[in-house]
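Please treat every number below as a calculation from the coordinates, not as lab data. This one's a predicted model, so the numbers in the text were calculated from it and none came from an experiment. With ideal geometry, Cβ positions are generated from the backbone for all residues, glycine too; neighbour counts draw on all protein chains shown.
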Amino acid sequence: MSETATVPTAPLRARAEIDLGALRANVRALRARAKDAALMAVVKSDGYGHGALPCARAALAAGATWLGTATPEEALALRAAGLPGPILCWLWVPGGPWRQALEADLDVSLSGLWALREVVAAARETGRTARVQLKADTGLGRNGCQPADWPELVAEALRAEAEGLVRVTGLWSHFACADEPGHPSIAAQLDRFRQMLAYAEEQGVRPEVRHIANSPATLTLPETHFDLVRTGIAMYGISPSPELGTPADFGLRPAMTLSASLALVKHVPGGHGVSYGHHYVTPGETTLGLVPVGYADGIPRHASGTGPVLVDGKWRTVAGRVAMDQFVVDLGGDEPPVGAEAVLFGPGDRGEPTAEDWAQACGTIAYEIVTRIGTRVPRVYVNGEELG
Ligand SMILES: Cc1ncc(COP(=O)(O)O)c(C=O)c1O
């Protein structure tokens, strides 16, 4: 997990600059949209590649009141670093660190009886009351409890609550297609969620929070906000889908700028093969720039021949294959100095491509572009006043 802010002291091969000021402003914009609902900052997968700890701190400083992670280990690391307040983690397997989670006062998500039984055992061992959130599968078909199994899960949770072993702090679910405006599954999931909530509440569950909204739902479906919204991608300033709008349409600004220093600039004749497999051959005499990042740094190999890069004021395209540590751009005869900045993506306002441009070039989503940026790329934090 990325730690605290770093200030560059030497030229860097590559860097992912994280603008925590943008992240704070994004959180404020999302809070305004969420109105009375609280905001959970989703910082799983090392804050979608942005660094979980600095991003979690910045999000809390801007008014988020919950943190969310996939794995318990991610949540435990946040708590160990001293992050306060409720933290929900939702991706458990049998034999998981239930005890540690109870001791760290985490909220744990339960999708089935096996998980409830494991957490109850940990509560008996530790003498602590577990904060549990029951997750409903309202139609995503991934994690969560099926409607047919819900009465049994609710009943057993209430029995454990009556014994003081658990406290049901949340009832929740997750959308399948909130990023596809008008998709019929949205209304169907919302109906099912309301029914499953009503059932649990009739049985006597009194949750602190009921929640289903991710970023696209937070941005476009106010009727889904309930008590809490869980925002990941939008908090990092990226639109969940170009179909919904650009970041600017929602008052968001991408927080990550990925750049590298050209490691070589050289003249080559026409007909010169470039990179493994010679999938690019120079069409005439030209200059080539060597960008010292590759798939080990999270640059998708699918960007071979397609990924856009801003060098010397112009968009260039990855020439030939992306290799493990480097790729090449055809500079078309331009001669920027070695060491010149190559910007792969950023907010876009200096003319650079965005993570969304990379997603389209690679046939994927911007979530994957930022989250994959590898640990070998240092994160450099700017505008992180609250980091002290
Ligand atoms: C359960 C859950 N909630 C919320 C989120 C945040 O989603 P988004 O990044 O679209 O806001 C995720 C991320 O995939 C998730 O798995």
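Below, the figures for the structure above:
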{"item": "199, 367, 381 arranged by Cβ crowding within 10 Å, fewest neighbours leading", "result": "199, 367, 381"}
{"item": "Under-5 Å amide H pairs with residue 136, H placed in peptide plane, nonlocal only", "result": "145, 172, 173"}
{"item": "Net lengthening on full extension, residue 180/residue 35 (0.36 nm per residue, minus Cα-Cα)", "result": "49.9 nm"}
{"item": "Angle in degrees between helix 20-34 and the longest Cα principal axis of the chain, rounded to the nearest 10", "result": "40"}
{"item": "20 °C / 1.002 mPa s Stokes-Einstein diffusion coefficient of the stretch 242-296, Kirkwood radius on C-alpha pairs, µm²/s", "result": "147"}
{"item": "Hull shadow area, averaged, the chain [alpha-carbon convex hull, nm²]", "result": "19.9"}
{"item": "Crossing angle, helix 184-203 versus the chain [Cα axis fit, 0-90 degrees, rounded to tens]", "result": "30"}
{"item": "The chain: most fluctuating residue of 135, 44, 35 per GNM, C-alpha cutoff 10 Å", "result": "35"}
{"item": "Förster radius 30 Å - calculated FRET efficiency between residue 285 and residue 264 (Cβ-Cβ, nearest 0.05)", "result": "0.95"}
{"item": "In nm, spacing of pseudo-spin labels at residue 223 and residue 117 (7 Å Cα→C-beta vector)", "result": "4.0"}
{"item": "Cα gyration tensor shape of the stretch 20-236, rounded if a/c is under 1.5, else prolate or oblate by comparing a/b with b/c", "result": "oblate"}
{"item": "For the stretch 180-322, average projected area of the Cα convex hull in nm²", "result": "12.9"}
{"item": "Cβ-derived FRET efficiency at R0 22 Å, residue 198 paired with residue 143, nearest 0.05", "result": "0.55"}
{"item": "Whole-number percent relative contact order across the chain, with pairs defined as alpha carbons under 8 Å at least 6 apart", "result": "19"}
{"item": "Under 5 Å, built H, 5+ apart or other chain: amide partners of residue 327", "result": "291, 293"}
{"item": "Nonlocal amide H pairs with residue 232, under 5 Å, H built at 1.01 Å", "result": "42, 215"}
{"item": "Surrounding net charge for residue 297, when Lys and Arg each add one and Asp and Glu each subtract one, Cβ distance under 15 Å", "result": "+3"}
{"item": "Most mobile of 108, 318, 338 in a GNM of the chain (Cα contacts under 10 Å)", "result": "338"}
{"item": "Sequence of 145, 177, 55 once ranked by neighbouring C-beta atoms within 10 Å, starting from the fewest", "result": "177, 145, 55"}
{"item": "Set of aspartates and glutamates with alpha-carbon distance to residue 314 below 13 Å, sequence-local pairs under 8 removed", "result": "330, 334, 335, 341, 352"}
{"item": "Radius 14 Å from Cβ of residue 250, net charge of other residues (Lys, Arg +1; Asp, Glu -1)", "result": "0"}
{"item": "Cα-based reach from residue 44 at 23 Å (exclusive), listing lysines while leaving out same-chain residues under 8 positions away", "result": "135"}
{"item": "Ranked packing of 202-208, 61-67, most packed first, by mean Cβ within 10 Å", "result": "61-67, 202-208"}
{"item": "Separation between Cα centres of the stretch 210-238 and the stretch 127-205, rounded to whole Å", "result": "17"}
{"item": "For the stretch 256-382, size of Cβ-based charge dipole, Lys and Arg +1, Asp and Glu -1, in debye", "result": "340"}
